[in-house]
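The values are calculated or read from the model by the stated rules, or taken from the named source; none is laboratory data. Everything numeric in this text was worked out from a predicted model, so none of it was measured. Every residue, glycine as well, gets a Cβ built from its backbone with ideal geometry; the counts of neighbours run over all protein chains shown. The protein model used for the area step is the full one, side chains on, heavy atoms only, and it has no ligands, DNA or RNA in it. Shrake-Rupley method; radii C 1.70, N 1.55, O 1.52, S 1.80 Å.
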Amino acid sequence: TGFQSHHLYFSESTESAFAFVDSVESGSTYTWVVPNVATETARMRIESIDLVGLTANDTTGYFTIQDGISPEITILSPVTETSIPEFDTLIVSWEATDNIEMDSVSVYFSNGEDFIFQGKVQYEEDFEFVIPAGVTDSAQIRLIAQDIYGNTGENVSEYFSITDNTPPTVSINTLETVNIGNEVEISWIGNDNTGFQSHHLYFSESTESEFAFVDSVDGLDSAYIWTAPNV
């Protein structure tokens, strides 16, 4: 006599009942939007009803629904305004979400060059690490979020600053015996990761006396003509 309608039902596992999906009045196909579940025991059932109300149904075998949706992650810190000295501890925080369930977050750091892996933690945790040497205005953090099915999503932070926290080094040439009133060249070798602002010279006449300020020179200088005092 012909069909009145066809009713479709879905079950995501052997433990779940069949839930009504939709009905169509005619035809033998239906475009189904796969639900947000991951399972290896999904089933579909079709119930067909003829014009006088008689029914028949059939159920598919088990089939797999895979999670192919990547998680999303938003970096909360660092931000553009972040400025941190070398060798200080940076706290990285984020918000990570997934359509089913998150697993972990991997943290990478760049001081303007390649991203270097720093560690991996559970997705709901913050992450701390010590900033290495290197002054820059273009440091970044990259986070890679992973869900329980291995899908990944990533995000990169805004640029932030790392300031100088590395003390300079200096080595002064040792003087031999000099005469009162002589002009003596005092020279030194200095090293610093960002350059020198100035060099300050001090003099002590004996092991019992304090060092007294003599003079200062520009940071580009590495020598000073000193007149030996009357001692």
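Might you check whether a residue that is under 30 Å from GLU95 (Cβ atoms), open to solvent by 50 Å² or more (accessible area, probe 1.4 Å), within 43 Å of the chain's Cα centre (by Cα) and not polar (S, T, N, Q) occurs anywhere in the range 165-177? The answer is no, given that none of the residues of the range 165-177 is under 30 Å from GLU95 (Cβ atoms), open to solvent by 50 Å² or more (accessible area, probe 1.4 Å), within 43 Å of the chain's Cα centre (by Cα) and not polar (S, T, N, Q).
Across the range 93-117, which residue is least open to solvent (accessible area, probe 1.4 Å) among those that are among the aromatic types (Phe, Trp, Tyr) and over 20 Å from GLU72 (Cβ atoms)? Selected residue: PHE109.
Among the residues making up the range 18-45, those that are open to solvent by 80 Å² or more (accessible area, probe 1.4 Å) and among the acidic types (Asp, Glu) are GLU25, GLU40.
Can you name the residue in the range 46-62 that is in contact with a strand residue (DSSP E or B) (Cβ under 7 Å, 6 or more places away or on another chain) and open to solvent by less than 70 Å² (accessible area, probe 1.4 Å) and, of all such residues, is farthest from SER13 (Cα to Cα)? Filtering the range 46-62 for residues that are in contact with a strand residue (DSSP E or B) (Cβ under 7 Å, 6 or more places away or on another chain) and open to solvent by less than 70 Å² (accessible area, probe 1.4 Å), the one farthest from SER13 (Cα to Cα) comes out as ASP50. Scanning the range 18-55 for residues that are over 16 Å from GLN4 (Cβ atoms) and either of a type in the set (D, E, K, R) or in contact (Cβ under 8 Å) with a residue 60 or more places away in the chain (or both) gives ASN36, VAL37, ALA38, GLU40, ARG43, ARG45.
Listed by first and then second residue, the pairs linking a residue in the range 164-188 that is touching a residue at least 60 places away in the same chain (Cβ under 8 Å) to a residue that is part of a loop (DSSP other than H, G, I, E, B) and among the aromatic types (Phe, Trp, Tyr), with Cβ atoms under 6 Å apart and 6 or more places separating them unless they lie on different chains, are ASN165/PHE87. Restricting attention to the range 118-133, the residues that are part of a strand (DSSP E or B) and either open to solvent by 60 Å² or more (accessible area, probe 1.4 Å) or small (Gly, Ala, Ser) (or both) total 6.
When the range 186-231 is examined, which residues are found to be in a loop (DSSP other than H, G, I, E, B) and in contact with a strand residue (DSSP E or B) (Cβ under 8 Å, 6 or more places away or on another chain)?
ASP192, PHE196, SER204, PHE211, GLY219, ASP221, SER222, ALA228, PRO229
The residues on offer are VAL107, VAL33, and the sole one that is under 30 Å from ASN155 (Cβ atoms), touching a Lys or Arg at 6+ places or on another chain (Cβ under 9 Å) and among the aliphatic types (A, V, I, L, M) is VAL107. Of all the residues that make up the range 213-231, how many are open to solvent by less than 90 Å² (accessible area, probe 1.4 Å) and closer than 29 Å to ASP164 by Cβ? Selection size over the range 213-231: 10. Exactly one residue out of GLU205, GLU158 is among the acidic types (Asp, Glu), closer than 30 Å to TYR108 by Cα, in contact (Cβ under 8 Å) with a residue 24 or more places away in the chain and open to solvent by 70 Å² or more (accessible area, probe 1.4 Å): that is GLU158.
Within the range 1-17, if we keep just the residues that are without any contact (Cβ under 8 Å) to a residue 40 or more places away in the chain and in a strand (DSSP E or B), the residue that is most open to solvent (accessible area, probe 1.4 Å) turns out to be TYR9. Residues satisfying the criterion are present in the range 63-79 (criterion: open to solvent by less than 70 Å² (accessible area, probe 1.4 Å), under 28 Å from the mean Cα position of the chain (by Cα), small (Gly, Ala, Ser) and more than 30 Å from VAL135 (Cβ to Cβ)). Within the range 134-147, residues that are open to solvent by less than 10 Å² (accessible area, probe 1.4 Å) reach partners that are modelled with pLDDT under 95 and of a type in the set (Gly, Ala, Ser) with beta carbons closer than 8 Å, at six or more positions or on different chains, in the pairs ALA139/GLY112.
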